[in-house]
Amino acid sequence: MIELERTKELAKKYKMNLREVNDKAGLGTNSIYNWKNKRPGGDALEAVAEVLNTSIDYLKGKTDDPTPIPTKGQPTSIPLDEEKPYSYHGYNVPERYLNMVRGLMEDDIKEGRADKK
């Protein structure tokens with residue numbers, strides 16, 4: 001099933017195995033492996049999409065663009081303090097880039113230059 005193949009592909013890209021994705025998504029034991037024979041439910045796909053920073057449509061094969069599209073009501077800020085893979089136009093954002101942004105933000109916060117919503 002395409003959901004399993006795309007999950008494997010993104011997990012590999014983010015240097016995770018399926019068990020790690022499964023656990024981070026809070027799914028039951030071996031749930032993702034069961035997608036080989038059974039279509040996943042919407043809640044499971046949503047949880048995996050969040051872990052892999054992608055969209056449900058990508059996992060289902062409705063689009064070939066793995067970049068998530070913000071939906072109405074979804075926050076537009078990116079929580080860089082979470083431990084999850086980030087992508088930009090489908091490319092993995094290296095940890096060193098995230099650390100640069102974190103450092104710049106910490107400086108701005110400390111100096112009172114950061115805007116808070």
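Here, each number is a calculation from the coordinates, and none is a lab measurement. Note that this is a predicted model, so its numbers are computed, not measured. Don't worry about glycine lacking a Cβ; one is built from the backbone with ideal geometry, like all the others, and counts go over all protein chains shown.
A protection proxy built from the mean count of other Cβ atoms within 10 Å ranks the segments 53-61, 27-35, most packed first, as 53-61, 27-35.
Largest mean-square fluctuation among Val21, Val101, Val93, in a Gaussian network model of the chain whose springs join Cα atoms under 10 Å apart, belongs to Val101. When P(r) over Cα pairs in 10 Å bins from 0, in percent is calculated for this entry, the matching label among [x] 10, 11, 11, 10, 9, 8, 7, 7, 6, 5, 5, 4, 4, 3, 1; [y] 9, 16, 13, 16, 25, 17, 4; [z] 12, 41, 29, 13, 4, 0 is [z]. May I ask which of Lys13/Lys36; Lys8/Lys116; Lys12/Lys38; Lys12/Lys110; Lys15/Lys36 have a Cα-Cα span longer than 29 Å here? In this structure, Lys8/Lys116; Lys12/Lys110 lie more than 29 Å apart at Cα.
If you line up the long axis of helix 42-51 against the longest principal axis of the chain, both from Cα atoms, how many degrees apart are they, to the nearest 10? Orientation of helix 42-51: about 40 degrees from the principal axis. Give the angle, between 0 and 90 degrees and rounded to the nearest 10, that separates the Cα long axis of helix 95-111 from the longest principal axis of the Cα atoms of the chain. Here the helix axis deviates by roughly 40 degrees. Dividing the summed helix terms, -39500 (n - 2.57) for each DSSP H run of n ≥ 4, by the number of residues in the chain produces a 222 nm estimate of -13000 deg cm²/dmol to the nearest 500.
Going by alpha carbons, how many degrees (0 to 90, nearest 10) lie between the helix axis of 2-13 and the longest principal axis of the chain? Once rounded, the angle reads 40 degrees.
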